[in-house]
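Structure first, then comments.
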Amino acid sequence: MREAGATEYVVRFSFWARFQHATVILLFGALLVTGMPQKWPYLDASRWVIDSLGGIFAVRWLHRAAGIALSGLFAAHLAGAVTGVVTRRSQPSMLLARKDFRDAVDNLRYYVGRAETPPRFGRFDYRQKFEYWGLIFGAAIMALSGFILYFPIFFSRVLPAELIPAAKVMHSNEALLAFLIVLIWHMAGAHLTPESFPMDTSIFTGKIRKDKLRREHALEYDERFGGQ
Amino acid sequence: MTRRGGATTGGIAVTLALAVGLLAGISAAQQPAESVAQCLGCHDDPQLSLTLKDGSVMSLYVDPREFARSVHGSQLVCTDCHAQYAQDHPSGATFPTKRAYVIAAYETCKKCHFDTYTRTLESVHYELVKGGLDSAPVCTNCHGAHNIQNPHEKRAMVSRSCATCHQAVYERYARSVHGKALVEEGNQDVPACADCHTHHQIEQPGTKRFRLGSPEICIRCHADERRMAKYSISTTVAQTYLSDFHGVTASLTRAAASAASQRVVVTCVDCHGAHDMASPRLKGQAAMKATVAATCAKCHADASPDFPAAWLSHYEPSLRHAPLVFLVGLFYKIFIPFVVIGLVLHLLLHLYRVSAGR
């Protein structure tokens, strides 16, 4: 039951957005592979990974290198987003608005059969926005606690030293949370849902099918191609 | 000489003597004692000695009471060990030095103590014996010859016999919390030298392998709830070390046996000392803090006096010890399931709606 525009694609993501997504996949993956065995060092599987990567010192080095790289990307992303908005070259389309919370409630009402239609979403729906802000805060926590753990001597001079073991607990748990969110929410929610199965390719190709845009981001579609 | 041959003949002789003794209604123990008495007939003379080939004089005196009190006194007769003197006696002068005699004689121990003897062959002491070092110990150097005591009953003696060669280490040990308790109080819970270094298969200490394995030695007692309860010592020392950065590094490095720098691997002994460990509790809170800070500074040169707070001092985080760490952990214990259940529910509702049809 394909509507008009079923084979017509429109550009949705810039090269910079696609580059960031691909880099996050790479670095997040590297951080998981080198980080999780450090969270559970006494599992056989962890030992296997650590040995395969050249021992715990190599694993820690790789983890820190990937952490620095991802922190750099994170800083570049924030700088890009802020300058984009300031120079009016892009819109702050990820900012949370009251509508997003209303959308969440309305969408849940639709799920349980209390509403006839789902809410009409803009460029990003509330699920994407929540995940984005989760990623932003998560990345901030991970980078901050990560650098505290990287330079404990320095940080114990400027801050209470108990922050260092606290940062370790935070880093380790936040990592687990991030992993679970990416697994459950992002992989299953963004790629494996019936609408997108087996995967939503638009963040990789930068393009989206016009009818899919209309269905999933009705307000953005109206803005770009005129309302119905 | 009434007894001839080795242990087997001796064993048969004892069995025969037992049978005869039982039949005759006399104590069987008298039979071997008679043989000892025969040897002691000459060897109880403190002046009895022998000049060896190198010109040194070796005493041949055996204190009869000392031998009787030894663990072997009621079990063995002289020729069980000195089988070669059952015939053609005396013949000691064929040895060039006293050491040569000891080396030739000590192997007789393996006739009965084969397993322990075999273990010594893998020890650092045996390496030295093999290398020709005259001061390297063989069985009799640690256990004595005619005055052998049960080392399980007289543990303090174990450490004292190590002191024969390792005097400086022994003195440090004797002043430590372990050594004091053993030497001064006869406390049987604390380790003597051999409890950490093992009795016979003594490994070369100071190697990377030994260092990385050392936590296992400490944990053997310090994770023992019953033993530690007597002294109100926490048994979480082991698991808190193993979950700590230092402990993880040590155990992972050991498993990998990589060429990683030894300096960065911190084991129990790096903070607590190996032979001179002191009880941190005896000095009071402030002194303890300063000691810990000084210990951290051994490796973390720029560490501030507050740096020890970066370490949980072997405590599990709780509201009393490290409340911040505890609360962060508690937050995630609640927050992670909350988020995960929420996300899964949302996802399931989505699937339910799709499958129910729009």
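Per-structure values
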read-out	value
Accessible heavy-atom area order of A:Glu195, B:Glu216, highest first, probe of 1.4 Å	B:Glu216, A:Glu195
Relative contact order (%) - the stretch A:7-94, alpha-carbon pairs under 8 angstrom, separation at least six	25 percent
Nearby aspartates and glutamates by direct alpha-carbon distance to A:Lys39 (threshold 12 angstrom, same-chain neighbours under 8 apart not counted)	A:Glu174, B:Asp244
Rounded to the nearest 20 debye, dipole of the protein assembly as shown from Cβ charges on Lys, Arg, Asp, Glu	2240 debye
Over the stretch A:54-112, equivalent-ellipsoid semi-axes from the Cα gyration tensor in Å	37, 23, 6
In the stretch B:143-179, the trypsin sites (Lys or Arg not before Pro) that fall in loop regions by DSSP, at most 16 other Cβ within 10 Å	B:Lys154
Solvent exposure, largest accessible area first (probe 1.4 Å, DNA, RNA and ligands not counted), of B:Lys333, B:Lys180	B:Lys333, B:Lys180
Relative frequency of Cα-Cα separations exceeding 16 Å in the stretch B:189-258, percent	55 percent
Listed pairs A:Lys129/A:Lys207; B:Lys98/B:Lys154; A:Lys129/B:Lys333; B:Lys208/B:Lys333; B:Lys298/B:Lys333 exceeding 30 Å between Cα atoms	B:Lys208/B:Lys333; B:Lys298/B:Lys333
Cα-only Debye scattering, the stretch A:124-228: base-10 log of I(q)/I(0) at q = 0.12, 0.24 Å⁻¹	-0.59, -1.25
Size of the A/B contact, given as accessible area buried on both chains, probe 1.4 Å, in Å²	3900 Å²
Pair A:Leu192, A:Ala97: separation of 7 Å Cα→Cβ label points (nm)	3.3 nm
Under Karplus coefficients 6.51, -1.76 and 1.60, residue-wise ³J(HN,Hα) of the stretch A:159-164 in Hz, glycine/proline x	9, x, 5, 5, 4, 6
Using distinct alpha-carbon pairs, which all enter the 1/r mean, Kirkwood radius of chain A in Å	20.1 Å
Positions from the stretch A:78-110 whose accessible area shrinks by 10 Å² or more when the full protein complex is built, not the chain alone, probe 1.4 Å	A:Leu108, A:Tyr110
1.4 Å probe accessible area per residue over the protein assembly as shown, in Å²	59 Å²
Projected-area average for the protein assembly as shown over all orientations - Cα convex hull basis, square nanometres	42.4 nm²
Longest site-free stretch - chain A; sites: trypsin sites (Lys or Arg not before Pro), DSSP loop, at most 11 other Cβ within 10 Å	A:115-228
Accessible-area value, A:Tyr150, 1.4 Å probe, nucleic acids and ligands omitted, Å²	80 Å²
Fraction of the pair-distance distribution of the stretch B:125-184 above 15 Å, Cα-Cα pairs, percent	56 percent
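The values are calculated or read from the model by the stated rules, or taken from the named source; none is laboratory data. Being a predicted model, the structure only gives us computed values, none of them experimental. For neighbour counting, all protein chains shown are included, and Cβ atoms are generated from backbone atoms with ideal geometry for every residue, glycine included. With ligands, DNA and RNA removed, areas are computed over all heavy atoms of the protein, side chains included. Shrake-Rupley method; radii C 1.70, N 1.55, O 1.52, S 1.80 Å.
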